[in-house]
Structures are given as structure tokens and as C-alpha cells.
1. Give the residue that is surrounded by the fewest Cβ atoms within 10 Å (Cβ to Cβ), with candidates limited to residues of the stretch 308-347 that are at pLDDT 95 or above and of a type in the set (Ser, Thr, Tyr).
2. Of these, 93, 65, 40, which one is in contact with a Lys or Arg (Cβ under 6 Å, 6 or more places away or on another chain) and more than 28 Å from residue 365 (Cα to Cα)?
3. Restricting to the stretch 290-309, count the residues that are in a helix (DSSP H, G or I) and touching a residue at least 60 places away in the same chain (Cβ under 8 Å).
4. For residue 24, are the conditions met, namely being among the basic types (Lys, Arg) and either touching a Lys or Arg at 6+ places or on another chain (Cβ under 7 Å) or surrounded by 15 or more Cβ atoms within 10 Å (Cβ to Cβ) (or both)?
5. Starting from the stretch 54-79, take each residue that is under 13 Å from residue 102 (Cα atoms) and list its partners that are basic (Lys, Arg) and crowded, with 21+ Cβ neighbours inside 10 Å, counting only C-beta distances under 8 angstrom and pairs at least six apart or across chains.
6. For the stretch 126-166: of the residues being touching a Pro at 6+ places or on another chain (Cβ under 7 Å) and farther than 23 Å from residue 358 by Cβ, which is surrounded by the fewest Cβ atoms within 10 Å (Cβ to Cβ)?
7. Under the condition of being under 16 Å from residue 174 (Cβ atoms) and in contact (Cβ under 8 Å) with a residue 60 or more places away in the chain, which residue from the stretch 41-53 is surrounded by the fewest Cβ atoms within 10 Å (Cβ to Cβ)?
8. Restricting attention to the stretch 130-179, which residues are under 16 Å from residue 117 (Cα atoms), aliphatic (A, V, I, L, M) and part of a strand (DSSP E or B)?
Amino acid sequence: METVFNSPNPILFGPGASKATGQKLKEFGCTKVMVVFDPGIKKAGIADKIVEAVKSAGLEVITFGDVQADPPDWSVEQAGNIAIAEKVDGVVGVGGGSSMDTAKGVKLLIANPPPLKQYFGRTGVVTKPSVPLIVIPTTAGTGSECTPGGTITNSELGIKTNISGVGCAVTLGIVDPELTASLPKYVTATTGLDAFCHCFESYTSAMANSISSVLGREGIRLVGKYLVRAYENGSDDMEAREGMQLAATLGGMAMSGAFCHLCHDIGRSLGAKFHVPHGHGCSVTVPQVLQVIAPAQPEKVKYIAECLGAQVPDGATGEEIGQIAYDAAHDLLKKVNLPGMASLGLKKEELLAQVPDEVVMQVEMEIKGFGGIAPPPMPVTKELIADIIVRAYDENNF
């Protein structure tokens with residue numbers, strides 16, 4: 001089967017790497033840049049550090065510090081309008097996925113006229129090249145520093161969709177594990193689980209290829225080794241922080257071409273319709289999804305279970321492997337105290353009324369866009385998604 005791997009942009013990786021932000025922008029020929037971040041990054045003092053690193057290189061800086069969660073198109077357009085009015089020649093995104101996706105949208109709009117909605121879609125969208133973009137993750141999860149597009153909420157339809165292509169491409173990703181040292185435990189857990197989902201979903205995707213699979217396997221191993229340590233030890237365990245940053249970056253690379261499937265399909269709906277944070281929404285169904293896909297991908301799910309510390313006996317059936325993987329993933333969610341859907345105030349009936357239809361619609365769109373194939377490793381029906389949701393709602397409560 002023919003598959004595609006999109007080689008990502010350059011990555012500058014290592015503790016303290018973010019101090020080079022200004023110098024790198026100067027090398028790209030920038031003189032005036034917009035730094036994009038959310039209020040939490042400002043409060044944590046990280047935004048000021050990046051702004052100072054840029055100014056110290058002699059560049060002029062304007063800021064957009066009002067990034068919205070699951071960034072809606074109108075918010076991205078607001079930031080883009082400011083960038084255009086200020087005639088910036090470079091963009092820096094600092095923070096989690098929402099900040100980096102907003103920065104990608106700003107870059108796109110600088111060279112491609114609004115509205116943003118005309119650029120939605122993974123395939124067939126043509127955009128013009130734009131100004132240099134540096135993205136600097138402050139969580140170990142999204143992988144957006146090395147993905148060829150971003151995720152934006154279509155405010156008209158209330159769904160999360162994609163922008164992609166040369167117009168919003170990352171010029172350089174700067175990954176500095178020191179920026180994750182003070183993350184709250186909840187953010188460490190949910191973003192780390194998001195990285196895990198990127199890795200295991202792309203690894204088990206029906207569109208996986210040999211390159212994405214190598215990257216996904218290593219990312220899965222790193223999460224199994226370091227996520228609980230990073231959660232429990234915080235800033236006292238920089239080895240774990242760096243390991244999780246590497247897992248997140250590998251996950252971003254792994255899903256380029258292979259793409260994610262069920263956990264992310266469900267998570268996107270939970271984010272757009274019920275405002276569940278992205279990493280939380282994607283990871284809340286992990287045990288059930290692993291169990292469901294095991295018969296279709298027994299050897300791969302066996303590897304995942306073993307990376308999470310499980311013992312899988314020789315000759316185990318797909319169903320038996322699925323149960324072992326379910327138990328291992330369930331134990332992982334428990335160790336990082338991931339709140340279940342009921343704890344978030346979600347109502348089972350409301351979830352069932354919206355999420356299965358949206359997931360099936362998403363998969364059908366992927367089948368059309370990808371020439372008859374979609375990432376999920378088995379047929380997707382409303383009944384399958386409803387069963388995953390009901391089970392996750394009832395079983396994943398810690």
C-alpha cells in the first residue's frame with residue numbers, strides 16, 4: 001500500500017534552546033515580529049522570557065496574548081488583522097497547541113486574505129508562502145512544532161477542522177524542556193496523554209508507514225517510561241521532562257501522513273461541542289479504544305501494552321491482548337488522576353446525541369479525502385462510537 005510521510009520542519013531541541021529565538025529570527029531576516037500566547041503563558045512568566053529573547057537580538061516585538069482554547073476562526077482572524085496592520089515580518093507562537101495553531105493561522109492570513117474558513121481542509125487547499133514562523137511548545141503533548149498544519153474551530157458549524165499547506169508551515173520548532181518544568185500536574189497528565197495518543201494512534205493507523213511506525217514506537221516507549229515520573233516529580237525530574245518533550249515531538253512527526261484516529265476523532269468533538277481541553281478529550285477513551293482495535297492490530301497493541309508495563313503471554317489472542325492493554329491503560333489514567341467524563345459535568349445522553357454522528361461524519365470525510373481509506377484500523381459505525389463513549393463514561397472514573 002502506498003503511504004505518505006511528510007518530513008517535518010527543522011527542530012532545535014534541548015534545555016535552554018528557547019534563548020536562541022531572537023537570533024534565529026534575525027537569521028531569517030525578520031525585523032518586527034508578533035509573539036502569540038495565551039494568558040496562562042503570560043502569568044507563568046514564559047511569554048516575557050521569549051519576548052526578551054527576541055528584543056535582545058534587536059528586533060521589534062508586538063504581542064497577541066489573548067489566545068482562546070480550541071481557537072475559533074474569529075479569534076485567529078483578530079490576531080491576523082493586528083499582524084497585518086502592524087506589518088510584521090515574522091510570527092512566534094509560544095504555549096500549548098492553541099497558541100501554536102493560532103500563530104499558524106496568523107502566518108497564513110498575513111499572505112492569504114481572510115476569511116480563514118476558505119482555507120479549511122487537509123487536502124486540495126492552495127495557499128501562498130508567508131513570513132517565517134517559529135513555534136515554541138510549553139507543554140509536552142501537542143507536537144505542533146513539527147506538524148504541517150493546525151487545528152481551528154469553525155465557529156459557524158461548531159466543529160474543529162484543519163488548516164495546512166505552505167501558507168501556515170512552521171519554519172523552525174524550538175523545543176526547550178525547561179519551559180515545561182513548572183507545569184501543573186493536570187496539564188502534565190493531559191498533554192502527556194495527548195502525546196501518547198498521537199504516537200499510538202498513528203502507529204495503529206490503517207495509513208501507517210514504516211517511517212511513522214518507527215517514530216510512533218519510540219514515542220510510546222518514552223511515554224511508558226517517563227509520563228508518570230514527570231507527573232509525580234515535576235521540576236525535580238528534568239530527565240523525565242526531556243523524555244516527554246521528545247515523545248511529544250516524535251508524536252507530531254509520526255502522525256504526519258499516518259494521522260490519528262478514534263481517540264482524536266472523539267476528542268475533537270468533545271472539545272468543539274463541550275469545551276473539554278484537547279488532551280483530556282482525546283485521552284479519556286484510551287483504554288476502550290485500545291481494546292476495540294486490538295483484534296485488528298494485535299501485535300501493535302501488544303507492544304503498546306508492554307510499554308505500559310503489562311505482561312502479554314505468548315499466543316494471546318487479539319481479544320486477550322485487548323483486555324491486557326485496556327487494564328494497562330486504565331491503570332495509567334488512574335496513576336495520573338485523569339478525571340472521567342462524569343467528573344467534567346458531561347451528560348451521557350448529550351454525548352450520545354452528538355458525538356457518534358460527528359465521528360462517523362469525520363471518518364466519511366477522510367475516506368473521500370484520502371482516496372477510499374481512513375486512519376481507523378476497522379470500520380467505524382455510530383454503534384461502535386456510542387459503545388466506546390458509554391464504557392469510558394462508566395468505567396474511567398478515578
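1. 317
2. Working: 93 fails: in contact with a Lys or Arg (Cβ under 6 Å, 6 or more places away or on another chain); 40 fails: in contact with a Lys or Arg (Cβ under 6 Å, 6 or more places away or on another chain).
None of the others qualify; the one that does is 65.
3. First, the residues of the stretch 290-309 that are in a helix (DSSP H, G or I): 290-293, 298-307.
Okay, now just the ones that are also touching a residue at least 60 places away in the same chain (Cβ under 8 Å), so 290, 292-293, 300-301, 303-304, 307.
Residues that pass the stated criteria total 8.
4. On the way: among the basic types (Lys, Arg): yes; either touching a Lys or Arg at 6+ places or on another chain (Cβ under 7 Å) or surrounded by 15 or more Cβ atoms within 10 Å (Cβ to Cβ) (or both): yes.
Yes: the conditions hold for residue 24.
5. 70/160
6. My answer is 166.
7. Step one: list which residues in the stretch 41-53 are under 16 Å from residue 174 (Cβ atoms), which gives 41, 46-47, 49-53.
Retained after the next criterion (residues that are in contact (Cβ under 8 Å) with a residue 60 or more places away in the chain): 41, 46, 50.
Working: 41: 24, 46: 22, 50: 28.
Per the stated criteria, the residue is 46.
8. Those that are under 16 Å from residue 117 (Cα atoms), aliphatic (A, V, I, L, M) and part of a strand (DSSP E or B): 152, 159, 163.
The values are calculated or read from the model by the stated rules, or taken from the named source; none is laboratory data. The structure displayed is predicted, hence computed values, not measured ones. We place every Cβ from the backbone using ideal geometry, glycine too, and count neighbours over all the protein chains shown.
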